[in-house]
Amino acid sequence: MKLPWGMFGENFTTAGLFESEVNIGDKFRVGSAMVMATEPRMPCYKLGIRFGRPDVVKRFLASERTGFYFAVLQQSGVGMGDPIELIEKSKDSLRVSDITALYTHEKHNVGLLRRAIEVATLPGSWKSYFRHRLAKLTEPAQD
């Protein structure tokens, strides 16, 4: 399938920047702006409508190549072709793909859930979701 630039509504289209290598909290310089990777970009049903394929969301998630969001730490000019340079690697070493995996096929990975909850730069909505899942996995069964 031919995919034109911006087909997914992305602000940046990159080469060589992979979810399996970028950590939550990694900081980058783009042009003269500074940004930080915060979370995976999760597809919704609208993607299936746009592509005319009901299976596209499952395929997107299975690929673990969902993209990710940047928080802007320092606003400045960004132009087409500006390099995206890693300026600080997060000490937490929790990859964007780890969050996607917890959402899809690692739902019962207690150790990874605990690690994710401890990452300061992971948004509160994800932490809350993972705390709830962890509680369901670790609470004693109710009779």
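Each value in this text was obtained by applying a stated rule to the coordinates, not by laboratory testing. Please read all numbers here as calculations on a predicted model, not as lab measurements. Because the Cβ atoms are built from the backbone with ideal geometry, glycine has one as well, and the counts that use them run over all protein chains shown.
For the reader, a short list of remarks on this structure follows.
- Shape box of the chain [Cα atoms, principal axes, largest first, Å]: 60, 40, 21
- For the residue pairs LYS2/LYS46; LYS2/LYS107; LYS27/LYS136, alpha carbon separations beyond 30 Å are given by LYS2/LYS107; LYS27/LYS136.
- Once the convex hull of all Cα atoms in region 44-85 is built, its volume per residue stands at 132 Å³.
- Taking label positions 7 Å along the Cα-Cβ direction at both SER93 and GLU118, the computed distance is 1.2 nm, reported to one decimal.
- Reported to the nearest whole Å, the Cα centre-to-centre distance from region 24-71 to region 75-95 is 15.
- Gain upon complete extension [GLU21, ARG131; 0.36 nm per residue less C-alpha separation]: 37.1 nm
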